[in-house]
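Shown next, in structure tokens, is the structure this report addresses.
The values are calculated or read from the model by the stated rules, or taken from the named source; none is laboratory data. This is a predicted model, so every value here is computed, not measured. Glycine also receives a Cβ, built like all others from the backbone with ideal geometry; neighbour counts cover every protein chain displayed.
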Amino acid sequence: MVGGKITLNQDETNKVTVKSPDTEVSGEVILTLPATPGLSGQVLVTDGNGNLNWMTIAAGPTGSTGPAGSIGSTGVTGPTGPTGPTSPGSSWSLVQWCTVISNGTTWWSKCN
């Protein structure tokens, strides 16, 4: 029989139903079910002789972490800041020249 099913009634409430494949099988296939319904996440495994048992399958190995992504592009250069003070005489010397950059919320200074 192709695609048939058998229901085994232990009593009016307890039963086991087994369905055959939708394709023909060659020869005789006898499977012996375990006495319990198993636990959540368990699977039926066979010993190769038709005896079925419940087994908890362990998670497989995980792969290594992939490489880091590329660095994004540089943002737009902000406007040039105002010209700094001029030395009023020989007592002043220029130590650094700084440009102030803003994105509207945060300010940075870039000094040469």
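Each row is one residue, and each column tells you yes or no for (1) at pLDDT below 90; (2) of a type in the set (A, V, I, L, M).
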{"site": "3", "(1), (2)": "yes, no"}
{"site": "6", "(1), (2)": "yes, yes"}
{"site": "15", "(1), (2)": "yes, no"}
{"site": "29", "(1), (2)": "yes, yes"}
{"site": "35", "(1), (2)": "no, yes"}
{"site": "41", "(1), (2)": "yes, no"}
{"site": "55", "(1), (2)": "no, yes"}
{"site": "60", "(1), (2)": "yes, no"}
{"site": "84", "(1), (2)": "yes, no"}
Kindly establish whether residue 81 is surrounded by 10 or more Cβ atoms within 10 Å (Cβ to Cβ), part of a loop (DSSP other than H, G, I, E, B) and out of contact with any Phe, Trp or Tyr (no Cβ under 9 Å at 6 or more places or on another chain).
yes
Could you list all residues from the range 3-61 that are surrounded by fewer than 10 Cβ atoms within 10 Å (Cβ to Cβ) and touching a Gly at 6+ places or on another chain (Cβ under 7 Å)?
22, 30
One residue is enough: does the range 57-77 have a residue meeting the conditions touching a Pro at 6+ places or on another chain (Cβ under 9 Å) and within 30 Å of residue 16 (Cα to Cα)?
no
Take residue 70 and tell me if it is loosely packed, with under 10 Cβ neighbours inside 10 Å, at pLDDT 85 or above and not in a strand (DSSP E or B).
yes
